Amino acid sequence: MELFENINNLNKEKKEYLMNYLNKLKKFPYIYLWGISESCDEAIKLFNKNNIVIKAIIEQNPDKYDYKYKDISVIKQSFDNIDCNGAIVITCSYYETIKNKLIVNYKDIEKRLFIYDGYFIENKTIKYYLNNKETIERCYNQLEDEKSKELYNNLLKYRYIRDPKLIKDLYESRNECYLDKVFIDNYKDGLYIDAGSYNADFITTLSNKVSILNSKFYIFEPNKIFYNDIKNNLDKKISYEIYNVALCDKDATMEFMQIPSSTSHIIDKKYNAYKNSVDKNDIATIKTNKLDTIIKEEKVSGIKIDIEGSEARMLKGATKIIKRDRPILLLSIYHKWDDLFKLQNYIMSLDLNYKFYIRHYSLSVAKTILYCIPVKD
């Protein structure tokens, strides 16, 4: 496998990339950061350390306008607020969307548009790669197509080096997330689980690809902000039930960061994918359930999971159903560093005869999806 053949070069490649990146930014008198996020926090640390002037942070959330974030002014997303002298550093996973909006007003925008992806809280070392070499290679060898293998290899490198060139020719439109041909071609009417529904966008976009009127959806959204809006987003002809619970590996109650964002999540230091500080006013107590507890006899055709770092725990709480029904699995494998291989390895350990495919839907760490397609009997 190429990664391990050249692993000793990763430190050198990372250093060279970062030096080149910072030198490009230093050619501008100042920069703007686009979006308050964990990547933004990491970018501020890096740029302050290297004497790069941050003029302002551009933010779409109106609640954050006209105040300072880490002593930096926060301004509204408006073309009137962005001058032509500074570089813009995207610190969220919507690089292409933002670029396409900016290019209408600034034809030269690509010359001064950059991305900074500081998504993970863990600073992994080459030793970490080597300690997990056996599992990483086992998962790589079980991937079904060359596209998945190339992407897997390049994502492992990208997560260490953070050079967008490693994935810029491999990622696909965010609008196609969860909807790869390997899933659509194997879709059949039945019961589907949407865990971490947010605004039911998975179901609505799926309905544009295939007819879902003869299927049923169990929607799980622990965030009451979105739970109350989901009904307004779905066609009334679609059959569904909504549960205001978080799927997990135990039936209990847990603390939850309830914010108006798709990154709302269970607060658990052991499993949390995020390191952001939590405002006490945003903490709610939610009910957690195992999927195995909720579904007794109904046959499950597919499960989509995007629950901000608790994916492994939900899989453990759904193991009986997975073993019994062998549903199609659509798994987000990017919230934690080792989700890229540990989630696949867990499904492989069940020995259920799945085919595995990986697709990626952003120019950042975010939106890597593992498609687990059961081999037909």
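List of remarks:
- Here the condition is being of a type in the set (Phe, Trp, Tyr), open to solvent by 20 Å² or more (accessible area, probe 1.4 Å) and in a loop (DSSP other than H, G, I, E, B); of Tyr178, Tyr119, Tyr140, it holds for Tyr119 alone.
- Residues of segment 1-49 classified as among the hydroxyl-bearing types (Ser, Thr, Tyr) and either in contact with a Gly (Cβ under 7 Å, 6 or more places away or on another chain) or modelled with pLDDT under 90 (or both), total: 4
- Which listed residue is part of a loop (DSSP other than H, G, I, E, B) and under 25 Å from Glu13 (Cα atoms), from Tyr160, Tyr171: Tyr171
- Single condition Cys177 does not satisfy, out of (1) closer than 17 Å to Asp306 by Cβ; (2) more than 20 Å from the chain's Cα centre (by Cα); (3) not acidic (Asp, Glu): (2)
- Residue in segment 22-40 that is over 16 Å from Leu113 (Cβ atoms) and free of Cβ contacts under 8 Å to residues at least 24 places away in the same chain present: yes
- Taking every residue in segment 155-169 that is at negative phi and pairing it with any residue that is open to solvent by less than 10 Å² (accessible area, probe 1.4 Å) and not in a loop (DSSP other than H, G, I, E, B), at least 6 positions away or on another chain, the pairs with Cβ-Cβ distances below 6 Å are Leu156/Leu3; Tyr160/Leu10; Leu166/Tyr158; Ile167/Tyr158.
- The residue that is least open to solvent (accessible area, probe 1.4 Å), counting only those in segment 210-237 that are basic (Lys, Arg) and within 25 Å of the chain's Cα centre (by Cα), is Lys224.
- So Asp189, is it at negative phi, in contact with a Ser or Thr (Cβ under 6 Å, 6 or more places away or on another chain) and either open to solvent by 50 Å² or more (accessible area, probe 1.4 Å) or of a type in the set (Ser, Thr, Tyr) (or both): yes
The values are calculated or read from the model by the stated rules, or taken from the named source; none is laboratory data. Everything numeric here is computed off the predicted structure, so don't read it as measured data. FYI the Cβ positions are ideal-geometry reconstructions off the backbone, even for glycines, and counts take in every protein chain you see. Remember, those area values only see protein heavy atoms, side chains included, never the ligands or the DNA or RNA. Shrake-Rupley method; radii C 1.70, N 1.55, O 1.52, S 1.80 Å.
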